[in-house]
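> Take this structure first; my questions come after.
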Amino acid sequence: MMIIMKTEATEVDLAGAIAMVENNGLRAHIVRGAERNVIGVVGDIRQIDPAVITLMPGVDNVTRISRPYKLASREFQKENTVFNVNGVKVGSDEILIIAGPCSVESREQLLETAQAVREAGAHALRGGAFKPRTSPYAFQGMGESGLEILAEARELTGMPIVTEVMAPDQVEMVAKYADVLQIGARNMQNFNLLHAVGKTQRAVLLKRGMAATVEDLLMAAEYVISNGNRRIMLCERGIRTFETSTRNTTDINAVPVLKSQTHLPVFLDPSHSTGKWEYVLPIARAAVAGGADGLIIEVHPHPEQATSDGAQSLKPEKFAEMVRQVRAIAEAMGRTVPQHEVAL
Ligand code: PEP
Ligand code: MN
């Protein structure tokens with residue numbers, strides 16, 4: 001339910017409406033608009049009567065949100081959510097490019113990749129220290145020592161760090177190092193994990209599960225927002241279909257569908273959605289043409305030596321070419337891919 005305040009409502013009126021919500025055991029989420037404020041009410045709303053709320057001072061009207069996700073919906077918030085991650089803007093007209101290796105493998109590998117992607121124009125650095133591998137015998141990641149290397153790369157390049165957190169009891173430790181907490185496809189419906197990242201104020205990159213609908217993804221985002229964290233980037237990373245020529249099938253439709261249904265920024269990961277480096281560039285172009293707010297790309301200086309996802313990793317030169325092409329598409333659409341003001 002949404003309580004829409006009048007344009008002339010005072011702070012006292014707003015506080016009164018919030019108190020009424022909380023006194024009924026419900027939670028109030030406030031969106032401050034340019035013209036008027038809106039209160040999103042979540043919880044079991046059957047106990048309050050919209051007709052009575054409408055009588056409160058400063059309240060204009062009360063409407064129900066028709067979607068099962070409430071706070072994540074465009075119905076609740078019309079304007080795009082825009083936020084900052086270490087000075088990097090997310091969700092605006094500026095398209096954000098996150099790049100780096102699938103896994104942190106060594107200090108040398110990560111620092112070399114970080115410098116290369118920064119020079120090619122990336123705005124944030126990715127790298128997994130805790131890896132969700134299909135096989136228990138595959139490389140599982142460097143753990144906390146990988147996070148330390150990521151933090152060193154941030155010092156060196158100024159780029160914020162995006163890294164996966166796999167379990168609720170890791171959230172505190174990963175949040176100590178990371179600027180963006182990645183929730184992987186396999187964990188999209190790990191509700192305890194969603195609660196735990198929702199309680200932090202770290203930005204969250206929430207990847208779509210490989211058999212999840214767009215609505216499932218938005219319900220997962222709702223878990224994070226309803227715990228108080230609104231700094232969420234949604235990420236299409238390919239879904240499982242009968243097609244076997246690529247690792248997954250890029251659901252390009254998800255980009256405009258998400259843009260119409262939610263105010264949250266929408267990213268696309270063409271590395272995992274295709275599984276093959278030669279398809280990454282065309283699908284990155286398609287994502288930006290389709291209205292995505294950002295990309296997350298796997299890059300490795302020596303893909304043949306990668307401990308994970310080498311086949312889908314771009315070499316730095318190819319990544320630089322991708323940034324050039326994507327920039328041209330962004331500009332054709334009245335958007336930008338910001339350039340770094342200073343070289344490293
Ligand atoms: C990754 O980003 O390396 C990863 C494991 O992604 P996903 O969760 O989308 O498979
Ligand atoms: Mn990967």
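The values are calculated or read from the model by the stated rules, or taken from the named source; none is laboratory data. Note that the structure is a prediction, hence the values are computed from the model and not measured. Positions of Cβ are generated from backbone atoms using ideal geometry, with glycine treated the same way; all protein chains shown enter the neighbour counts.
> Just checking, does region 145-159 include any residue being free of Cβ contacts under 8 Å to residues at least 40 places away in the same chain and within 16 Å of ligand 2 (Cβ to nearest atom)?
Looking through region 145-159, none of the residues is free of Cβ contacts under 8 Å to residues at least 40 places away in the same chain and within 16 Å of ligand 2 (Cβ to nearest atom).
> On to the next question. On the given criteria, is GLU331 more than 30 Å from GLN140 (Cβ to Cβ), out of contact with any helix residue (DSSP H, G or I) (no Cβ under 9 Å at 6 or more places or on another chain) and either of a type outside the set (A, V, I, L, M) or within 16 Å of ligand 2 (Cβ to nearest atom) (or both)?
For GLU331, the condition - more than 30 Å from GLN140 (Cβ to Cβ), out of contact with any helix residue (DSSP H, G or I) (no Cβ under 9 Å at 6 or more places or on another chain) and either of a type outside the set (A, V, I, L, M) or within 16 Å of ligand 2 (Cβ to nearest atom) (or both) - is met.
> Can you pull out every residue in region 162-185 that is outside any helix (DSSP H, G or I) and of a type in the set (A, V, I, L, M)? Spell out the reasoning first.
In the first step, residues of region 162-185 are kept if they are outside any helix (DSSP H, G or I); the result is 162-167, 178-184.
Hits for region 162-185 are VAL162, VAL165, MET166, ALA167, ALA178, VAL180, LEU181, ILE183.
> Could you tell me which numbered condition ILE48 fails, if it satisfies all but one of (1) touching a residue at least 24 places away in the same chain (Cβ under 8 Å); (2) under 30 Å from LEU295 (Cα atoms)?
Every listed condition holds for ILE48 apart from (2).
> Could you say whether any residue in region 215-236 is within 16 Å of ligand 2 (Cβ to nearest atom), assigned by TED's automatic domain parsing to the domain that holds ALA167 and within 28 Å of LEU314 (Cβ to Cβ)? It would help to see each step written out before you state the result.
The initial filter retains those residues of region 215-236 that are within 16 Å of ligand 2 (Cβ to nearest atom), namely 235-236.
Subsequent filtering for residues that are assigned by TED's automatic domain parsing to the domain that holds ALA167 retains 235-236.
Retained after the next criterion (residues that are within 28 Å of LEU314 (Cβ to Cβ)): 235-236.
Scanning region 215-236 turns up at least one residue that is within 16 Å of ligand 2 (Cβ to nearest atom), assigned by TED's automatic domain parsing to the domain that holds ALA167 and within 28 Å of LEU314 (Cβ to Cβ).
> Going through ALA320, ALA311, ALA286 one at a time, which residue ends up being of a type in the set (A, V, I, L, M, F, W, C), within 15 Å of ligand 2 (Cβ to nearest atom) and out of contact with any strand residue (DSSP E or B) (no Cβ under 8 Å at 6 or more places or on another chain)? Even if it seems obvious, please write down each step before you answer.
Details: ALA320 fails: within 15 Å of ligand 2 (Cβ to nearest atom); ALA286 fails: within 15 Å of ligand 2 (Cβ to nearest atom).
After applying the criteria, what remains is ALA311.
> Hey, another quick one. Could you tell me whether region 121-129 includes any residue that is touching a Pro at 6+ places or on another chain (Cβ under 9 Å), in the same structural domain as PRO301 (by TED's automatic domain parsing), surrounded by fewer than 24 Cβ atoms within 10 Å (Cβ to Cβ) and under 24 Å from GLU341 (Cα atoms)? Please lay out each step first, then the result.
Of all residues in region 121-129, those touching a Pro at 6+ places or on another chain (Cβ under 9 Å) come to 121, 123-128.
From what's left, in the same structural domain as PRO301 (by TED's automatic domain parsing): 121, 123-128.
Remaining after also requiring surrounded by fewer than 24 Cβ atoms within 10 Å (Cβ to Cβ): 121.
So of that shortlist, the ones also under 24 Å from GLU341 (Cα atoms) come out as 121.
So far as region 121-129 goes, yes, one or more of its residues are touching a Pro at 6+ places or on another chain (Cβ under 9 Å), in the same structural domain as PRO301 (by TED's automatic domain parsing), surrounded by fewer than 24 Cβ atoms within 10 Å (Cβ to Cβ) and under 24 Å from GLU341 (Cα atoms).
> Next up: Quick check on ALA330: is it of a type outside the set (S, T, N, Q) and either within 16 Å of ligand 1 (Cβ to nearest atom) or under 23 Å from ALA114 (Cα atoms) (or both)?
Values: of a type outside the set (S, T, N, Q): yes; either within 16 Å of ligand 1 (Cβ to nearest atom) or under 23 Å from ALA114 (Cα atoms) (or both): no.
So ALA330 fails the test.
> Restricting to region 334-344, give me the number of residues that are touching a Gly at 6+ places or on another chain (Cβ under 8 Å), more than 19 Å from ILE161 (Cβ to Cβ) and surrounded by 13 or more Cβ atoms within 10 Å (Cβ to Cβ).
Qualifying residue count for the region: 1.
> Looking only at region 54-79, which residues are under 30 Å from ILE161 (Cα atoms) and either in the same structural domain as GLU11 (by TED's automatic domain parsing) or exposed (fewer than 13 other Cβ atoms within 10 Å of the Cβ) (or both)?
Hits for region 54-79 are LYS78, GLU79.
> Conditions: (1) within 15 Å of HIS300 (Cα to Cα); (2) within 16 Å of ligand 2 (Cβ to nearest atom). PRO132 meets all but one. Number of the miss?
(1)
> Right, another one. I'm told SER260 meets every condition in (1) within 16 Å of ligand 1 (Cβ to nearest atom); (2) hydroxyl-bearing (Ser, Thr, Tyr); (3) touching a Lys or Arg at 6+ places or on another chain (Cβ under 8 Å) except one. Can you identify the failing condition by its number?
(1)
> From the list ALA99, ALA138, ALA153, which residue is surrounded by 19 or more Cβ atoms within 10 Å (Cβ to Cβ) and not in a strand (DSSP E or B)?
That would be ALA153, the only listed residue that is surrounded by 19 or more Cβ atoms within 10 Å (Cβ to Cβ) and not in a strand (DSSP E or B).
> Another question about this same structure. Does region 113-123 contain at least one residue that is assigned to a loop (DSSP other than H, G, I, E, B), within 14 Å of ligand 1 (Cβ to nearest atom), under 30 Å from SER226 (Cα atoms) and not acidic (Asp, Glu)? Reasoning before the result, please.
First, the residues of region 113-123 that are assigned to a loop (DSSP other than H, G, I, E, B): 121-123.
With the extra rule that they be within 14 Å of ligand 1 (Cβ to nearest atom), the set shrinks to none.
No, there is no match, as no residue in region 113-123 is assigned to a loop (DSSP other than H, G, I, E, B), within 14 Å of ligand 1 (Cβ to nearest atom), under 30 Å from SER226 (Cα atoms) and not acidic (Asp, Glu).
> Right, next: One residue is enough: does region 68-80 have a residue meeting the conditions of a type in the set (D, E, K, R), modelled with pLDDT under 95 and assigned to a helix (DSSP H, G or I)?
no
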